[in-house]
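What follows is a short report on a single structure.
The values are calculated or read from the model by the stated rules, or taken from the named source; none is laboratory data. Source: prediction; values computed, not measured. Using ideal geometry, Cβ is built from the backbone for each residue, glycine included, and neighbour counts are taken over all protein chains shown.
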Amino acid sequence: MSKPNVNEVAPNFTLKNQNGETRTLSDYRGQYVVLYFYPKDDTPGCTIQACSYRDAMGEFSSRNIKVFGISKDDEKSHSKFLAKFNLNFELLADDQKEVIGLYDVYKEKNMYGKMVMGVVRTTFVIDPQGKIAAVFDKVNPEEDVQKVLSVIKS
């Protein structure tokens with residue numbers, strides 16, 4: 001698999017959210033969708049990133065933009081993470097790494113000097129026609145929301 005590029009149609013998928021409800025990407029045609037892939041619930045960088053989306057949700061909602069966080073954690077883990085930090089958007093469980101594979105974000109990375117396989121923090125902005133409008137690789141959790149909003153505003 002290679003990572004989908006800007007102007008390509010975003011690979012469609014169906015995953016369950018933190019409540020076990022099914023979400024299919026193509027159901028959100030007609031509006032912008034942000035898919036942000038992150039390594040693990042309730043870890044420092046992932047918490048910073050999730051809370052920054054939470055804090056900016058008013059701006060996303062006012063622009064009719066759907067935000068999904070995706071990791072390989074299961075629904076139960078997502079549910080706890082949402083409750084602990086009062087998150088106001090959906091987290092999708094990809095414990096089989098199917099969508100993580102489709103979007104090619106499972107890579108070898110350096111973890112404290114050791115090479116390990118894991119989800120590389122990556123954000124995709126999908127336009128209302130279902131095409132990829134932007135891809136942010138190796139995302140800084142503190143800057144992600146501002147970069148995403150700058151693409152959507154332009």
inquiry  = Between 90, 59, which is acidic (Asp, Glu) and closer than 16 Å to residue 124 by Cβ?
reply    = 90
message = Restricting to region 95-111, name every residue that is surrounded by fewer than 17 Cβ atoms within 10 Å (Cβ to Cβ) and without any contact (Cβ under 8 Å) to a residue 40 or more places away in the chain.
response = 95, 96, 97, 107, 108, 109, 110, 111
ask   = Pick from region 3-23 the residues that are surrounded by fewer than 16 Cβ atoms within 10 Å (Cβ to Cβ) and hydrophobic (A, V, I, L, M, F, W, C): which of them is modelled with the highest pLDDT?
value = 9
task = Starting from residues that are of a type in the set (Ser, Thr, Tyr) and in contact (Cβ under 8 Å) with a residue 40 or more places away in the chain, keep the ones in region 55-94 and report whichever is nearest to residue 27 (Cα to Cα).
result = 71
ask   = Here are some residues: 76, 84, 97. Which one is among the basic types (Lys, Arg) and under 15 Å from residue 39 (Cα atoms)?
value = 97
task = Starting from region 35-52, keep only residues that are of a type in the set (Val, Ile, Thr), then list their pairs with residues that are assigned to a helix (DSSP H, G or I) whose Cβ atoms are within a distance under 9 Å, requiring at least 6 positions of separation or different chains.
result = 47/81; 47/84; 47/85
Output for region 112-135, where each listed residue is among the aromatic types (Phe, Trp, Tyr) and surrounded by 18 or more Cβ atoms within 10 Å (Cβ to Cβ) = 124
note = The residue from 71, 52, 26 that alone is modelled with pLDDT of 95 or more, of a type outside the set (Val, Ile, Thr), touching an Asp or Glu at 6+ places or on another chain (Cβ under 7 Å) and surrounded by fewer than 18 Cβ atoms within 10 Å (Cβ to Cβ) is 52
inquiry  = Quick test for you: out of 64, 88, pick the one residue that is part of a loop (DSSP other than H, G, I, E, B), surrounded by fewer than 21 Cβ atoms within 10 Å (Cβ to Cβ) and modelled with pLDDT of 95 or more.
reply    = 88
